[in-house]
Amino acid sequence: MQEQFYEFTEEQNEIIRVLGKRMRTVGITNIVIAAIYVVTYLLFFLRQPFALVLFLPPVALFLFVGIWTNRSASSFRKIVQTTGQDVSHLMNALVSLNRLYTLQFWAMILLGTILFLHVLLIGLTGLR
C-alpha cells in the first residue's frame, strides 16, 4: 500500500515544533533524574542490597519515560524539518507515545494494587 502524502501547514508545524521542543526538555529531564537516582544509589546505598529494590523502579520509570518522550520529540521535530514524510514521522511519534502511556498505565495499576493491599492489610490487622 502506498503511503499517503500530507504536509502540515506552517501554523500546524509551529505547534508541532513547540511541542517537540518541550517534549525534548521533559525527556532529558527524566533521564537526568534517573541518572541522579543511580548516582545516589552508588554513593550512599551500594552496600545495602535491599535499597536496590527501592531505587530500581523509579530509575526504570524515569529512564523509559525519558527515552520514549525523546523519541517522540525527535519524530515531531522531523515533521517540521522534512517534507514528504509527515505521516510516517507522526506515526513514529505515536508509537513512542503509546509505549510511554502503556508503561504509565501499568505502573498506575501496580501502584494502585499495592496501595489497596496495604490499606487492606492495615484494616485486617489493625496496624497503624
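The values are calculated or read from the model by the stated rules, or taken from the named source; none is laboratory data. Worth saying up front: this structure is predicted, and the values here are computed from it rather than measured. As a convention, Cβ positions derive from the backbone with ideal geometry for all residues, glycine included, and neighbour counts pool all protein chains shown.
Being part of a helix (DSSP H, G or I), in contact with a Phe, Trp or Tyr (Cβ under 8 Å, 6 or more places away or on another chain) and of a type in the set (Gly, Ala, Ser) is true of SER96. Among the candidates THR29, THR25, the residue that is assigned to a helix (DSSP H, G or I), of a type in the set (S, T, N, Q) and without any contact (Cβ under 8 Å) to a residue 12 or more places away in the chain is uniquely THR25. Could you list, in sequence order, all residues of the range 20-50 that are under 17 Å from the mean Cα position of the chain (by Cα), more than 23 Å from MET108 (Cα to Cα) and not β-branched (Val, Ile, Thr)? Correct list: GLY20, LYS21, ARG22, ARG24. SER72 passes every criterion in (1) surrounded by fewer than 17 Cβ atoms within 10 Å (Cβ to Cβ); (2) under 12 Å from the mean Cα position of the chain (by Cα); (3) modelled with pLDDT of 95 or more apart from (1). Among the residues of the range 117-127, is any in contact (Cβ under 8 Å) with a residue 12 or more places away in the chain, of a type outside the set (Asp, Glu) and assigned to a helix (DSSP H, G or I)? Checked the range 117-127: no residue is in contact (Cβ under 8 Å) with a residue 12 or more places away in the chain, of a type outside the set (Asp, Glu) and assigned to a helix (DSSP H, G or I). Please determine whether any residue of the range 51-69 is touching a residue at least 24 places away in the same chain (Cβ under 8 Å), in a helix (DSSP H, G or I) and more than 26 Å from TRP106 (Cβ to Cβ). No, every residue in the range 51-69 fails to be touching a residue at least 24 places away in the same chain (Cβ under 8 Å), in a helix (DSSP H, G or I) and more than 26 Å from TRP106 (Cβ to Cβ).
Do we find a residue being on the phi < 0 side of the Ramachandran plot and in contact with a His (Cβ under 8 Å, 6 or more places away or on another chain) anywhere in the range 56-75?
yes
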